[in-house]
Amino acid sequence: AQSVTQPDIHITVSEGASLELRCNYSYGATPYLFWYVQSPGQGLQLLLKYFSGDTLVQGIKGFEAEFKRSQSSFNLRKPSVHWSDAAEYFCAVGAGYTGGFKTIFGAGTRLFVKA
Amino acid sequence: GAVVSQHPSRVICKSGTSVKIECRSLDFQATTMFWYRQFPKQSLMLMATSNEGSKATYEQGVEKDKFLINHASLTLSTLTVTSAHPEDSSFYICSGRMNTEAFFGQGTRLTVV
């Protein structure tokens with residue numbers, strides 16, 4: 001069965017420091033991978049996605065993620081965190097099934113940014 | 001990117017009443033829409049998948065008679081929480097699929113009192 005694991009429930013980083021959020025997936029075929037960000041009480045905003053090709057993908061707000069098939073990982077990175085980056089981050093895999101395609105989310109990682 | 005509009009953003013209802021939440025794809029046709037539920041500080045749990053013109057497919061453990069889903073057109077899906085109880089209070093999010101990407105609404109905060 002398809003699944004997504006985000007090992008870190010929450011992470012605290014200092015403003016200006018680098019960030020890496022971990023994501024591991026389980027999927028039998030080539031996955032479609034996504035990172036979303038959610039501010040409190042809000043919907044989801046897509047940060048970036050990987051479908052195929054270059055394994056290092058660039059997203060919005062200075063985020064990037066690297067797909068590593070050998071490690072079944074899709075970690076999100078940002079070289080310098082801003083206070084406005086504090087939010088919940090979800091890794092997701094797009095999973096095909098009979099008749100369609102659905103998105104399966106990880107448990108999320110809450111990012112705290114300290115001054 | 002494509003836009004999905006969800007309405008209302010917040011609703012408070014009395015226990016025992018029904019509440020309808022609308023999900024519209026504004027600039028694309030969504031043959032498939034998904035409904036998620038999110039408890040505080042938790043992830044999004046897929047409730048059901050609705051395909052235009054056919055019955056929704058519910059995930060295991062989701063009561064289809066309680067959470068009625070209608071997908072009558074390519075741009076509109078509705079979720080009706082029937083006979084709502086306080087334990088139904090949650091954040092509900094819809095998404096419309098275009099090709100291999102899902103676009104999410106802003107969510108509806110349902111509070112049942």
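The values are calculated or read from the model by the stated rules, or taken from the named source; none is laboratory data. These numbers come from a predicted model, not from an experiment. So basically every Cβ, Gly included, is an ideal-geometry build from the backbone, and we count neighbours across all protein chains shown. Keep in mind that these areas ignore ligands, DNA and RNA; they rest on the heavy atoms of the full protein, side chains included. Shrake-Rupley method; radii C 1.70, N 1.55, O 1.52, S 1.80 Å.
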Once Lys and Arg are counted +1 and Asp and Glu -1 for all other residues with Cβ under 15 Å from that of A:G94, the total becomes +2
For B:A102, what is the net charge nearby, where nearby means another residue's Cβ is under 12 Å from its Cβ and Lys, Arg count +1, Asp, Glu -1? +2
Ignoring ligands and nucleic acids, A:K68 exposes an accessible area, probe 1.4 Å, in Å² to the nearest 10, of 80 Å²
Measure off 7 Å from each Cα along the Cα-to-Cβ vector at B:S5 and A:Q45, then give the distance between these two points in nanometres to one decimal. 2.1 nm
Per residue, what accessible area does the protein assembly as shown have, given a 1.4 Å probe and all protein chains present, in Å²? 48 Å²
Using the alpha-carbon centroid of each, what span in Å lies between the range A:6-22 and the range A:56-115? 12 Å
Could you calculate the contour length gain from B:Q42 to B:K66, that is, 0.36 nm times the residue separation minus the distance between their Cα atoms, to one decimal place in nm? 6.5 nm
Which order do you get for A:Y89, B:Y58 if you rank them by accessible area with a 1.4 Å probe, largest at the top? B:Y58, A:Y89
Could you bin all the Cα-Cα distances of the protein assembly as shown into 10 Å bins starting at 0 and give me the percent of pairs in each, rounded to whole numbers? 8, 33, 35, 19, 5, 0
Among B:A30, B:S5, A:V4 the positive-end extreme of the charge dipole of the protein assembly as shown (Cβ point charges): B:S5
Just to confirm my numbers, what's the Cα centroid distance between the range A:27-53 and the range B:30-95 in Å? 20 Å
Ignoring ligands, DNA and RNA and using a 1.4 Å probe, state the total buried accessible area between A and B in Å², rounded to the nearest 100. 1600 Å²
How far apart, in nanometres, would the label points at B:V113 and A:I60 be if each is projected 7 angstrom from Cα along the Cα-to-Cβ direction? 3.5 nm
To the nearest 20 debye, the range A:23-104 has a Cα-centred charge dipole, built from +1 on Lys and Arg Cβ and -1 on Asp and Glu Cβ, of 120 debye
Work through the residues other than B:A48 whose Cβ is under 13 Å from its Cβ and net out their charges, Lys, Arg +1 and Asp, Glu -1. +2
Using a 1.4 Å probe and ignoring any ligands, DNA or RNA, find the accessible area of A:E20 and quote it in Å² to the nearest 10. 90 Å²
For the range B:96-113, residues shielded by at least 20 square angstrom of accessible area compared with the chain on its own, probe 1.4 Å: B:R97, B:T100, B:E101, B:A102, B:F104, B:Q106
For chain B, any Cys whose C-beta has no other cysteine C-beta under 4.7 angstrom counts as unpaired, and these are B:C13
Excluding ligands and nucleic acids, what accessible area in Å² is computed for B:M47 using a 1.4 Å probe, to the nearest 10? 10 Å²
Relative contact order of chain B, please, whole-number percent, based on alpha carbon pairs below 8 angstrom and at least 6 residues apart. 38 percent
On each of the three principal axes the extent of the alpha-carbon atoms of chain A, given in whole Å and largest first, is 48, 31, 22
